[in-house]
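The values are calculated or read from the model by the stated rules, or taken from the named source; none is laboratory data. Computed from a predicted structure; not experimentally measured. No Cβ is skipped: glycine too gets one built from the backbone with ideal geometry, and neighbour counts run over all protein chains shown. To get the accessible areas, we keep the full protein, side chains included, count just its heavy atoms, and leave off ligands, DNA and RNA. Shrake-Rupley method; radii C 1.70, N 1.55, O 1.52, S 1.80 Å.
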Amino acid sequence: MAKATPGVLASFEHIDAACDTIRALREKGHKQLTVYYSHPNHELEEACGHATSPVRLFTLIGGLTGVTAAFAMQIWMNRDWPLLVGGKPIVAIPAFVVVGFELTVLIGSLATLFGVFLLSVAMRNKGVIYDGRYSDDRIGVFVPAGGAEATAVERMLRDAGAVEVKHAAA
């Protein structure tokens, strides 16, 4: 069982209040916020400062590997067993495009799945409290803080419009 991270968890009903609170917390130096919300929302993502996902790099590398492997494999096989048929050249690039496309999609999609799995395991939040309502209609903001800092953060969250505030002890 993972050790609980000390901090404060606030529930918000309105996106505007949550966004304003997240921006205020980030300005005060709280950079390790965990924000829970049920569906993608550009306002929350902008407030959290989310960068572009690194998963797309896995997809690019996988796709380039797939197309390179497909063309290299077909050229190698045709040069290893050369059969002249109908006067076509041994290495006929237009005939290789279909297999190149298929391996690009296959290896790119498998690399994407691997990237999602790897990054989700690497970035998971162990020990951070969660409430099931964040998958439905609430927005949750977890701020790692302890002691007097937790009390100040709780006061700030309540003043910002948090419906409910919980503490997580270490």
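Residue count for segment 24-48 under the criterion of being open to solvent by 90 Å² or more (accessible area, probe 1.4 Å) and either closer than 22 Å to residue 151 by Cα or in contact with a Lys or Arg (Cβ under 6 Å, 6 or more places away or on another chain) (or both): the result is 4. Among residues of segment 100-128 that are modelled with pLDDT under 85, those with a Cβ under 6 angstrom from a residue that is among the polar types (S, T, N, Q), sequence gap 6+ or separate chain, pair up as 125/34; 127/5; 128/5; 128/34.
With respect to the conditions (1) touching a Ser or Thr at 6+ places or on another chain (Cβ under 7 Å); (2) not in a loop (DSSP other than H, G, I, E, B), residue 162 falls short on a single one, namely (2). Residues in segment 114-143 that are touching a helix residue (DSSP H, G or I) at 6+ places or on another chain (Cβ under 9 Å) and open to solvent by 50 Å² or more (accessible area, probe 1.4 Å): 114, 116, 118. If a residue must be closer than 13 Å to residue 161 by Cα and touching a Cys at 6+ places or on another chain (Cβ under 9 Å), how many such residues does segment 20-48 contain? Selection size over segment 20-48: 1. Output yes when any residue across segment 33-53 is under 27 Å from residue 112 (Cβ atoms), out of contact with any Phe, Trp or Tyr (no Cβ under 8 Å at 6 or more places or on another chain) and of a type in the set (Ser, Thr, Tyr), and no when none is. Yes, segment 33-53 has at least one match.
Checking each residue in segment 44-82 for being at pLDDT below 90 and assigned to a helix (DSSP H, G or I) picks out 44, 45, 46, 47, 48.
Within segment 54-85, restricting attention to residues that are among the hydroxyl-bearing types (Ser, Thr, Tyr) and either touching a residue at least 24 places away in the same chain (Cβ under 8 Å) or touching a strand residue (DSSP E or B) at 6+ places or on another chain (Cβ under 7 Å) (or both), the residue that is farthest from residue 117 (Cα to Cα) is 65. For residues that are open to solvent by 60 Å² or more (accessible area, probe 1.4 Å) and among the aliphatic types (A, V, I, L, M), scanning just segment 49-58, find the one that is farthest from residue 161 (Cα to Cα). Residue satisfying both the conditions and the ranking: 57.
Scanning segment 1-23 for residues that are open to solvent by 70 Å² or more (accessible area, probe 1.4 Å) and under 15 Å from residue 133 (Cβ atoms) returns 13, 14.
Output yes when any residue across segment 96-106 is small (Gly, Ala, Ser) and surrounded by 11 or more Cβ atoms within 10 Å (Cβ to Cβ), and no when none is. Yes. Scan segment 17-39 for residues that are among the acidic types (Asp, Glu) and either free of Cβ contacts under 8 Å to residues at least 24 places away in the same chain or at positive phi (or both) and the total you get is 1. Could you please let me know if residue 67 is more than 13 Å from the chain's Cα centre (by Cα), farther than 25 Å from residue 13 by Cα and surrounded by 11 or more Cβ atoms within 10 Å (Cβ to Cβ)? Taking the combined requirement at face value, the residue satisfies it.
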